[in-house]
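Chemist: Quick one: the structure is below, and I'll ask about it shortly.
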Amino acid sequence: MRRITIWLLSTVAALVLLFSYKTSTMGAGGDTSAIASGSDGSAGSSWTATDDGSGTGSGSSGGSSTGSSGGSSGGSGTATGSVTQTRWGPVQVKITVSGGKITDVTTVQVPDGNRRDQEINDYAVPILRQEALAAQSAQIDTVSGATVTSDGYRESLQSAIDAAHLR
Amino acid sequence: MNLTTEPDRRAWVAQVMGLPVSVHLRGPEVRADAVAERVERVFAELRAMDAVFSTYRPESVLGRLGGALPDPTTADPVVREVVERCEEARARTGGWFDARRLPLPGGGTGFDPSGLVKGWAVERAARHLVDLPGHDLCLNAGGDVLLRTTPGRPAWRVGIEDPARPERMLDVVERAHGAVATSGTARRGAHITDPRTGRPAEAVRSVTVVGPELLWADVYATAAVARGADALDWLATLDGYAALLVDAGGRVRATPNWPGSRLAAQAAG
């Protein structure tokens, strides 16, 4: 259990690195994280905008900020974080941003040295993704969509938002 | 009272008219019994309207009519009002919303105002809450949303569901007042009838309309789905209303006045 927690932390560290990159002009391979041990991280970060309105650069040359974490600039695109060396191997994540909000989190690289690692990844990666998406949906008060039937409601985002405020 | 803290927020959910209806209130007295009673009055009124208008209930007023148009001289005032609103909707949509010859749950075709009754009934029932001083309202009836906000409070953030992937949002619009209504094929398949052909409309996957009144936002969204290919041009002519449309091929477009952030660049281009 402890190992899972640490692994998850290191994955989050990769995300944090990613955001540090976006909000400051930190260069590739920054080692601000206590968990990221390596000076390797040479892969750098990249941001690819799909929306011409967001006015971002791309590539790993730094300074391609899309604004602060508020995301009010409404940028859209994908960003791939630096490869972060952890005790268990390299970790790299990719986020998809739409309208300044994270809409997906995927891992590009995870340690896969042995079967145990794979088990942990299978467990931790979906949690990370869910956490990131839940944090985004917390910023929505309600959902407008094609008529939700009573059956479909149970699995809907609206039901999750309602549940958070029922008491 | 500490004005810097976020106002308390509370939600109520009920299944009415075959739909999940959720009421969210923000304000100082959301825990008070008097407020909860007002919310109950909203649900009770929606149940009462369903008992009158449901075409799925053989014992309802509409069920007993079996598709015949109610006689305006003898009909109950609420029924008369809905018939009049349906006529107005037909005129406002150039005939693309037409309640007169729709497929009925029991088979055959006839008068079915269901496409208008939801928005009309929700807007009517919401009066029990809109005059609650110091409180903000976000009422969501099966994906159609009615909003009210006290001056000085933040607007509500309404996520617009991606019809291809309902767990994701196409866009988010911030609205203090008015309505956001979505019609489409995402959840129930092609259930909106093209009044010109009598067949299910399939060219448009989803239309979201934002504007001052829920009844009209909902009617316009439904009419736009029925209309199909040229729906966006028509939606752009509606005074005070803005729209976001996803066609059957997944292409997303918006009217120039669309308030969301995501498509501003694309809508202009």
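The values are calculated or read from the model by the stated rules, or taken from the named source; none is laboratory data. The model shown is predicted, which means the values in this text are computed figures rather than measured ones. Don't worry about glycine lacking a Cβ; one is built from the backbone with ideal geometry, like all the others, and counts go over all protein chains shown.
Chemist: Can you pull out every residue in segment B:26-58 that is farther than 16 Å from B:ALA14 by Cα and basic (Lys, Arg)?
Modeler: B:ARG26, B:ARG31, B:ARG57
Chemist: Which number in (1) facing chain A (nearest Cβ under 10 Å); (2) on the phi < 0 side of the Ramachandran plot marks the one condition that B:PRO151 misses?
Modeler: Condition (1) is where B:PRO151 drops out.
Chemist: Out of B:VAL78, B:VAL82, report the one residue that is at negative phi, among the β-branched types (Val, Ile, Thr) and under 17 Å from the mean Cα position of the chain (by Cα).
Modeler: Matching residue, one of B:VAL78, B:VAL82: B:VAL82.
Chemist: Another one. Enumerate the strands (runs of 3 or more DSSP E) found wholly within segment A:83-167, keeping only those where 1 or more residues are under 30 Å from B:VAL23 (Cα atoms), within 10 Å of chain B (Cβ to nearest Cβ) and modelled with pLDDT of 75 or more.
Modeler: A:142-144
Chemist: Sticking with this structure for a sec: Based on this model, can you work out whether B:GLU123 counts as touching a residue at least 60 places away in the same chain (Cβ under 8 Å), surrounded by fewer than 22 Cβ atoms within 10 Å (Cβ to Cβ) and more than 7 Å from chain A (Cβ to nearest Cβ)?
Modeler: Considered against the rule, which asks whether it is touching a residue at least 60 places away in the same chain (Cβ under 8 Å), surrounded by fewer than 22 Cβ atoms within 10 Å (Cβ to Cβ) and more than 7 Å from chain A (Cβ to nearest Cβ), B:GLU123 comes out as yes.
Chemist: When you scan segment B:155-192, how many residues do you find that are under 29 Å from B:HIS128 (Cβ atoms), at the interface with chain A (Cβ under 9 Å from one of its Cβ atoms) and of a type outside the set (A, V, I, L, M, F, W, C)?
Modeler: 7
Chemist: Check segment B:186-193 and report whether any residue there is assigned to a loop (DSSP other than H, G, I, E, B) and charged (D, E, K, R).
Modeler: For segment B:186-193, residues assigned to a loop (DSSP other than H, G, I, E, B) and charged (D, E, K, R): present.
Chemist: Please list, ordered by residue number, the strands (runs of 3 or more DSSP E) wholly in segment B:201-256 having 2 or more residues that are farther than 13 Å from B:THR185 by Cβ and under 13 Å from the mean Cα position of the chain (by Cα).
Modeler: Output list reads B:204-211.
Chemist: Criterion first (free of Cβ contacts under 8 Å to residues at least 24 places away in the same chain and surrounded by fewer than 19 Cβ atoms within 10 Å (Cβ to Cβ)) does B:ALA176 satisfy it?
Modeler: no
Chemist: Please verify whether B:ASP136 is more than 7 Å from chain A (Cβ to nearest Cβ) and surrounded by fewer than 22 Cβ atoms within 10 Å (Cβ to Cβ), treating the condition exactly as stated.
Modeler: no
Chemist: Within segment B:87-120, restricting attention to residues that are within 12 Å of B:ASP218 (Cβ to Cβ) and aromatic (Phe, Trp, Tyr), which residue is surrounded by the most Cβ atoms within 10 Å (Cβ to Cβ)?
Modeler: In this case the residue turns out to be B:PHE97.
Chemist: Whether any residue in segment B:240-249 is surrounded by 22 or more Cβ atoms within 10 Å (Cβ to Cβ), within 14 Å of chain A (Cβ to nearest Cβ) and at pLDDT below 85 is what I want to check.
Modeler: No: zero hits.
Chemist: Only residues that are at pLDDT below 95, more than 9 Å from chain A (Cβ to nearest Cβ) and part of a strand (DSSP E or B): list them for segment B:4-47, please.
Modeler: B:VAL16, the sole residue that qualifies.
Chemist: Follow-up question, since we're still on this one. What pairs come up if the first residue lies in segment B:201-227 and is under 13 Å from B:GLY119 (Cβ atoms) and aromatic (Phe, Trp, Tyr), the second is in a strand (DSSP E or B) and at pLDDT 95 or above, and their beta carbons are under 6 Å apart, counting only those six or more places apart or on different chains?
Modeler: B:TYR220/B:VAL209
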